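Visitor: Quick one: structure below, then a few questions.
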Amino acid sequence: MPEAPNHPAPPAPVLRHVRRPFSERSARYSVAADRLATGGLSDRHSLADIGAGHTELDVLLRTTHGWRGRYVPVDRWTGDVDLETWTPPMRWDWAACLEVLEHLQDPFRLLAELMSSALLGVVVTTPNPEVVDVLAMDPTHVTPITRQELANAGLYTSLHNLYGTADDGICGVWYREGLHLIERQFAFMPFMPKGAR
């Protein structure tokens, strides 16, 4: 019997934009918190949350992980911030950019700015365009970002269930070279496309 061709399934359709409750959204904050902890986030460190929204990453870090460092929200409501052109005004130890890059015309400009200015590392999350229709998820999404593009930018990536479907979200992390990592039951491996192993 001949084998069926190996065609990837089309991205899952999204019927309409729905704001999920915190209990569902917290998955992305948990993944980010784990990556920050792996990099050694401590109470002495500062964390800039780019596109902070309702500052839920701060809530999770403080309530679940007991973190007491300096949290700096960066968002439109904190001042005249246009992330398409924004440049960090100072250096922070860490930068988080969760569910933001897909909203930008040039997401890799902002990512390069963050990687240049973060003293210890950067963590990002974004929908996985191989699993979901990123542009249909939210009317303000303009740029689907693939796992390979994040890997090409120098981030280690992993797939997660962030929106209700297996592997529908990507977490990317970049640690500054020379950073001593505290491994927590997993090791980061550079992303390699299927068939390249």
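The values are calculated or read from the model by the stated rules, or taken from the named source; none is laboratory data. Quick caveat, the model's predicted, so the values are computed rather than measured. Cβ placement follows ideal geometry from the backbone for every residue including glycine, while neighbour counts extend to all protein chains displayed. Protein only, heavy atoms only, side chains kept; ligands, DNA and RNA dropped before computing areas. Shrake-Rupley method; radii C 1.70, N 1.55, O 1.52, S 1.80 Å.
Visitor: Condition first: open to solvent by less than 10 Å² (accessible area, probe 1.4 Å) and in contact with an Asp or Glu (Cβ under 8 Å, 6 or more places away or on another chain). Can you find one or more residues in the range 136-146 that meet it?
Guide: If we filter the range 136-146 for residues that are open to solvent by less than 10 Å² (accessible area, probe 1.4 Å), which is where we start, we get 145.
Of the ones still in play, those that are also in contact with an Asp or Glu (Cβ under 8 Å, 6 or more places away or on another chain) are 145.
Yes, that holds for at least one residue.
Visitor: Which members of the range 109-122 meet the condition of being among the small types (Gly, Ala, Ser), within 18 Å of Trp86 (Cα to Cα) and surrounded by 18 or more Cβ atoms within 10 Å (Cβ to Cβ)?
Guide: Filtering the range 109-122 down to residues among the small types (Gly, Ala, Ser) leaves 112, 116-118, 121.
Next, from what is left, pick out any that are within 18 Å of Trp86 (Cα to Cα): 112, 116-118.
Once the filter is applied, which keeps residues that are among the small types (Gly, Ala, Ser), within 18 Å of Trp86 (Cα to Cα) and surrounded by 18 or more Cβ atoms within 10 Å (Cβ to Cβ), the range 109-122 yields only Ala118.
Visitor: Another question about this same structure. Tell me which residues, restricted to the range 82-111, are over 18 Å from Val142 (Cα atoms) and aliphatic (A, V, I, L, M). Please lay out each step first, then the result.
Guide: Of the range 82-111, the ones over 18 Å from Val142 (Cα atoms) are 87-96.
Met90, Ala95, Ala96 - these are the residues of the range 82-111 that are over 18 Å from Val142 (Cα atoms) and aliphatic (A, V, I, L, M).
Visitor: Any residue in the range 159-177 that is of a type in the set (Lys, Arg) sitting within a Cβ distance under 8 Å of a residue that is assigned to a loop (DSSP other than H, G, I, E, B) and surrounded by 14 or more Cβ atoms within 10 Å (Cβ to Cβ)? List the pairs, counting only those 6 or more apart or interchain.
Guide: Arg176/Ala118; Arg176/Leu120
Visitor: Mind listing whichever residues of the range 156-174 are among the β-branched types (Val, Ile, Thr) and closer than 19 Å to Phe108 by Cα? Steps first, please.
Guide: Of the range 156-174, the ones among the β-branched types (Val, Ile, Thr) are 157, 165, 170, 173.
Result: Thr157, Ile170, Val173.
Visitor: Further, regarding this structure: Give just the number: which of (1) in contact with a Leu (Cβ under 6 Å, 6 or more places away or on another chain); (2) open to solvent by less than 40 Å² (accessible area, probe 1.4 Å); (3) at pLDDT below 95 does Arg176 not satisfy?
Guide: (2)
Visitor: Ok, one more. Suppose we keep only residues that are touching a Pro at 6+ places or on another chain (Cβ under 9 Å) and in a loop (DSSP other than H, G, I, E, B) within the range 5-50. Which one would you say is modelled with the lowest pLDDT?
Guide: The initial filter retains those residues of the range 5-50 that are touching a Pro at 6+ places or on another chain (Cβ under 9 Å), namely 11, 17, 48-50.
Add one more test, that the residue is in a loop (DSSP other than H, G, I, E, B), and what stays is 11, 17.
Values: Pro11: 61, His17: 51.
If we take residues in the range 5-50 being touching a Pro at 6+ places or on another chain (Cβ under 9 Å) and in a loop (DSSP other than H, G, I, E, B), then His17 is modelled with the lowest pLDDT.
Visitor: Can I ask one more? Look through Thr78, Thr64 and report the one residue that is open to solvent by 90 Å² or more (accessible area, probe 1.4 Å), more than 17 Å from Val124 (Cβ to Cβ) and β-branched (Val, Ile, Thr).
Guide: Numbers: Thr78 fails: open to solvent by 90 Å² or more (accessible area, probe 1.4 Å).
After ruling out the rest, the residue left standing is Thr64.
Visitor: In addition: Return yes or no: is Gly39 touching a residue at least 60 places away in the same chain (Cβ under 8 Å), touching a strand residue (DSSP E or B) at 6+ places or on another chain (Cβ under 8 Å), small (Gly, Ala, Ser) and surrounded by 15 or more Cβ atoms within 10 Å (Cβ to Cβ)? Write out each step before concluding.
Guide: On the way: touching a residue at least 60 places away in the same chain (Cβ under 8 Å): yes; touching a strand residue (DSSP E or B) at 6+ places or on another chain (Cβ under 8 Å): yes; small (Gly, Ala, Ser): yes; surrounded by 15 or more Cβ atoms within 10 Å (Cβ to Cβ): yes.
Judged against the criteria, Gly39 is a match.
Visitor: Within the range 123-134, can one find any residue that is surrounded by fewer than 15 Cβ atoms within 10 Å (Cβ to Cβ) and either modelled with pLDDT of 95 or more or within 13 Å of Asp49 (Cα to Cα) (or both)? Don't jump to the end; show me each part of the working.
Guide: Step one: filter the range 123-134 for residues surrounded by fewer than 15 Cβ atoms within 10 Å (Cβ to Cβ), giving none.
No, the conditions are met nowhere in the range 123-134.
Visitor: Right, something else. Just wondering, is there one or more residues in the range 88-108 that are open to solvent by 50 Å² or more (accessible area, probe 1.4 Å) and of a type in the set (Val, Ile, Thr)?
Guide: Just the residues of the range 88-108 that are open to solvent by 50 Å² or more (accessible area, probe 1.4 Å), to begin with: 89-91, 103, 105-106, 108.
Keeping just the survivors that are of a type in the set (Val, Ile, Thr) gives none.
Looking through the range 88-108, none of the residues is open to solvent by 50 Å² or more (accessible area, probe 1.4 Å) and of a type in the set (Val, Ile, Thr).
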